[in-house]
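Novice: One structure is given below, represented as structure tokens, and several questions about it will come after.
The values are calculated or read from the model by the stated rules, or taken from the named source; none is laboratory data. All values derive from a computational prediction rather than experimental measurement. Heads up, the Cβs are rebuilt from the backbone with ideal geometry, glycines too, and the neighbour counts pull from every protein chain shown.
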Amino acid sequence: MASFSPLVTAEEHKYVLTKPCPIFPSLDAPLREKQRYDCWQKSNEMAKCYILASISNVLQHQMQDVELASDIMLSLKEIFGEQGHSARQETMRQIYYTKMAEGSLVREHCLTMISNLNTLEVLGADIDGESQVDMIL
């Protein structure tokens, strides 16, 4: 059975946070232009789903009618901007001080560390993949 990796799946859609939506294609536009627009729209919907699934129900309700994933992220940054810096510091501290307990499962340690790394990414930290692996190990 193949394993599901939400990180890899989300990666292919997050470009919508930085790239603007292509202009709506005209009826006589080339197929490639229509496909690019459709692809961007699909990725925007997927990014919105990932973002909304990772926030509280109250925030989900506030953000459910926002059309662009980038606008949701902007709103969240406005709401939590100042808290973000201290949250990043606290999450980094958790990563540095997390040690795998003797006799515990490697899988549990990895999941805890990946969760912390995902939190850092949401808070705006940019840590390359190799460094993330080093932090987990």
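Novice: Looking only at region 82-90, decide whether some residue is under 25 Å from residue 16 (Cα atoms), among the aliphatic types (A, V, I, L, M) and assigned to a loop (DSSP other than H, G, I, E, B).
Specialist: no
Novice: Can you say whether residue 104 is at pLDDT 85 or above, of a type in the set (Ser, Thr, Tyr), part of a helix (DSSP H, G or I) and farther than 22 Å from residue 73 by Cα, as far as the supplied structure shows?
Specialist: No; evaluated as a whole, the condition is false for this residue.
Novice: Look at region 32-58 and say how many of its residues are closer than 15 Å to residue 122 by Cα and part of a helix (DSSP H, G or I).
Specialist: Residues that pass the stated criteria total 7.
Novice: Looking at the structure I just gave you, is residue 95 among the hydrophobic types (A, V, I, L, M, F, W, C), farther than 30 Å from residue 42 by Cβ and in contact with a helix residue (DSSP H, G or I) (Cβ under 6 Å, 6 or more places away or on another chain)?
Specialist: Yes.
Okay, residues lined up against (1) surrounded by 15 or more Cβ atoms within 10 Å (Cβ to Cβ); (2) touching a residue at least 12 places away in the same chain (Cβ under 8 Å); (3) more than 18 Å from residue 11 (Cβ to Cβ):
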{"position": "93", "(1), (2), (3)": "no, no, yes"}
{"position": "100", "(1), (2), (3)": "yes, no, yes"}
{"position": "112", "(1), (2), (3)": "yes, yes, yes"}
{"position": "120", "(1), (2), (3)": "yes, yes, no"}
{"position": "123", "(1), (2), (3)": "yes, yes, no"}
{"position": "128", "(1), (2), (3)": "no, no, no"}
{"position": "133", "(1), (2), (3)": "no, no, no"}
